[in-house]
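Following: one structure in structure tokens, then a few remarks.
The values are calculated or read from the model by the stated rules, or taken from the named source; none is laboratory data. Just so it is clear, the structure is predicted and the values come from calculations on it, not from any experiment. Here the Cβ positions follow ideal geometry from the backbone for every residue, glycine too, while neighbour counts run over all protein chains shown.
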Amino acid sequence: MLLDGHCLIILERTLRANHPEENCALLIGRHQGTALHLQQIWPCCNCWEPAEERLRRFCLDPREQLLAEKWCRARQLQVLGAAHSHPGSAATPSATDRALCVGPTLMVIRTGLEKGVAALRCWWMPADACSLDQPRELRLKLLPQTG
Amino acid sequence: MLPPDTTGIELSPDEVARFARHLILPEVGMEGQKRLKASSVLCVGTGGLGSPLLLYLAAAGVGRIGIVDFDVVDHSNLQRQVIHGTSWVGKPKIESAKARILEINPHCQVDLYETALSSENALDIVHPYDIVCDGTDNFPTRYLVNDACVLLGKPNVYGSIFRFEGQATVFNLDAESPNYRDLFPEPPPPGMVPSCAEGGVVGVLPGIIGVIQATEAVKIITGIGTTLSGRLLLFDALGMKFRELKLRPNPERPVIDKLIDYQEFCGVGGTAPGQEEAGDVESISVTELKTLLGGDTSGLVLIDVRNPPEAEIGVIPGATLIPLDQIENGTAVDRIRELAAGKTLYAHCKLGGRSAKALIALKRHGIEGINVAGGIDAWSREVDDSVPRY
């Protein structure tokens, strides 16, 4: 997964914004050959109900996702996937993460147990949550800043 | 009860021949076809979505189909409402639809409800049916259909279309399923989402979404496959892409325990399409405008806030085209201020709604104006019928 420094800063801050609740965002960009180029972060509210479970569960408002899809279409971009935080656990997709995502899709997780870039891990989630395919970890590559 | 009880249901030799291609599918077979015959589906709306829905439900062998619509067939419908034909223009859509359904499947019982679904009649109309298919085109009715289905425990096969985008899902498949209010807890502000009449729709789009709805209904009835319950299917016709979103029931959502006033809930005054915002803006009639344009026009300026493709269809003479989005984003405000300096500003659109929005936006910049009630549609009907209606 490719992204520049600005994008990384916004992603990190978004995923820490409402700690210790899980934070979330949509990831917008383009497929670039075999890589995913992350170009925009679309911060979202965690609307999981009941609210007291937001320390370990997250949910994106479908209206937010519809708006993002529409915004992307107008700009020839794509919603590549979503990011969320695991305030107190590792940055690996949980069973709930697998069950609730619609693959194939990009999933970025930020753990609260690490700092900096090491806190972020990127995963390509398989199409079928029930399949034997496991999430595949993607390398995160920082692009040089332009302009 | 779903799948329907097939006790006592038999297929005649004609039906066996008619549905042979279903019968030889292991997933459907004789039992699945009997379930279709034993089932009943209520289709709310017989327009763009309802047309392919009804055609394919009839073709599939659904035993009883109810149709709710109060509208008559219009020429502008025929671009996408493929169940109707030119010979039916001016006649009730439900009659047109019934005739076509019986042409496809004479074994189908077709119940007609030439009425608008309302809080007063919805529970009685919906109650006898196994499934409801929502082919409506307005938010108050969508919430009404949803709530009636929740109260009566009926699956609600939902579809929606706009321009080149469509959505489909199954709400309320069972007590644990999400419903429409889990997707849209509140309606959008009135006028925010244009109708197909104002925004347009590519004709093939409801054909695709309506058939998806019919597919889901068939799957629910026969008990095969995996339905869209818990998933919102998004279709982008321009990119020819399908995507899905997960839908979850919100455990904190207020319980639906009765039907309400949905016009009030959606903030709609029950006025004609495009007129919801016009009430807050000073307006004149098209006949008054005609009188003004027939006299000394040096003291007035008329702007047309429609989109350029609409202006290619027809114009009111003397109007200056300045699309609404240029007014709302501010880029045209200075130009309008200059045009309107020392003059009375009038604004029109197709039906009067967008021009009212334009004037509300201009008022925030200190520019006052008067709306042309009914827009160019009213102009065509009352002043100059050489201007095409669309």
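Values for this structure:
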item: Given (1) more than 7 Å from every other protein chain (Cβ to nearest Cβ); (2) at pLDDT 90 or above, number of the condition B:G267 does not satisfy; result: (2)
item: The stretch B:138-193, residues that are of a type in the set (D, E) and either more than 23 Å from B:L53 (Cα to Cα) or surrounded by fewer than 19 Cβ atoms within 10 Å (Cβ to Cβ) (or both); result: B:D174, B:E176, B:D182, B:E186
item: Enumeration of residues in the stretch B:33-83 that are surrounded by fewer than 24 Cβ atoms within 10 Å (Cβ to Cβ), assigned to a helix (DSSP H, G or I) and touching a strand residue (DSSP E or B) at 6+ places or on another chain (Cβ under 7 Å); result: B:H75
item: Residue, nearest to the other protein chains (Cβ to nearest Cβ), within the stretch B:213-234, restricted to residues that are in a loop (DSSP other than H, G, I, E, B) and under 15 Å from B:G29 (Cα atoms); result: B:G225
item: Qualifying residue in the stretch B:179-196 (condition: hydrophobic (A, V, I, L, M, F, W, C), within 29 Å of A:C59 (Cα to Cα), part of a strand (DSSP E or B) and touching a helix residue (DSSP H, G or I) at 6+ places or on another chain (Cβ under 8 Å)); result: no
item: Qualifying residues in the stretch B:19-32 (those that are touching a residue at least 12 places away in the same chain (Cβ under 8 Å) and assigned to a helix (DSSP H, G or I)) - the one surrounded by the fewest Cβ atoms within 10 Å (Cβ to Cβ); result: B:E31
item: The one condition in (1) part of a loop (DSSP other than H, G, I, E, B); (2) within 21 Å of the chain's Cα centre (by Cα) that B:A97 fails to fulfil; result: (1)
item: Single residue of the stretch A:39-64 satisfying the filter (closer than 20 Å to B:L245 by Cα and among the aliphatic types (A, V, I, L, M)) that is surrounded by the most Cβ atoms within 10 Å (Cβ to Cβ); result: A:I41
item: Scope the stretch B:323-337; condition among the charged types (D, E, K, R) and either closer than 21 Å to B:P308 by Cβ or in a strand (DSSP E or B) (or both); matching residues; result: B:D325, B:E328, B:D334, B:R335
item: Selection status of B:R306, at pLDDT below 90 and either out of contact with any Phe, Trp or Tyr (no Cβ under 7 Å at 6 or more places or on another chain) or in a loop (DSSP other than H, G, I, E, B) (or both); result: no
item: Sole residue being within 22 Å of B:L232 (Cβ to Cβ) and touching a residue at least 24 places away in the same chain (Cβ under 8 Å), chosen from A:A68, A:A74; result: A:A68
item: Looking only at the stretch A:12-30, and only at residues there that are out of contact with any helix residue (DSSP H, G or I) (no Cβ under 7 Å at 6 or more places or on another chain) and free of Cβ contacts under 8 Å to residues at least 60 places away in the same chain, the one that is surrounded by the most Cβ atoms within 10 Å (Cβ to Cβ); result: A:G29
item: Members of the stretch B:105-137 that are part of a loop (DSSP other than H, G, I, E, B), out of contact with any Lys or Arg (no Cβ under 9 Å at 6 or more places or on another chain), surrounded by 17 or more Cβ atoms within 10 Å (Cβ to Cβ) and not hydrophobic (A, V, I, L, M, F, W, C); result: B:G135, B:D137
item: Subset of the stretch B:236-260 [more than 7 Å from chain A (Cβ to nearest Cβ) and of a type in the set (A, V, I, L, M, F, W, C)]; result: B:A237, B:L238, B:M240, B:F242, B:V255, B:I256, B:L259, B:I260
item: Test set (1) away from chain B (no Cβ under 14 Å); (2) buried (at least 21 other Cβ atoms within 10 Å of the Cβ); (3) small (G, A, S) - A:G33 fails condition number; result: (2)
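To keep it simple, each residue is scored yes or no on (1) away from chain B (no Cβ under 14 Å); (2) outside any helix (DSSP H, G or I).
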{"residue": "A:A91", "(1), (2)": "yes, yes"}
{"residue": "A:R98", "(1), (2)": "no, no"}
{"residue": "A:V108", "(1), (2)": "yes, yes"}
{"residue": "A:A118", "(1), (2)": "yes, no"}
{"residue": "A:R121", "(1), (2)": "yes, yes"}
{"residue": "A:W124", "(1), (2)": "yes, yes"}
{"residue": "A:A127", "(1), (2)": "no, yes"}
{"residue": "A:L132", "(1), (2)": "yes, yes"}
{"residue": "A:E137", "(1), (2)": "yes, yes"}
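Residues checked against (1) more than 14 Å from chain B (Cβ to nearest Cβ); (2) modelled with pLDDT under 95:
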residue	(1), (2)
A:L8	yes, yes
A:E12	yes, yes
A:G29	yes, no
A:E49	no, yes
A:L67	no, yes
A:R73	no, yes
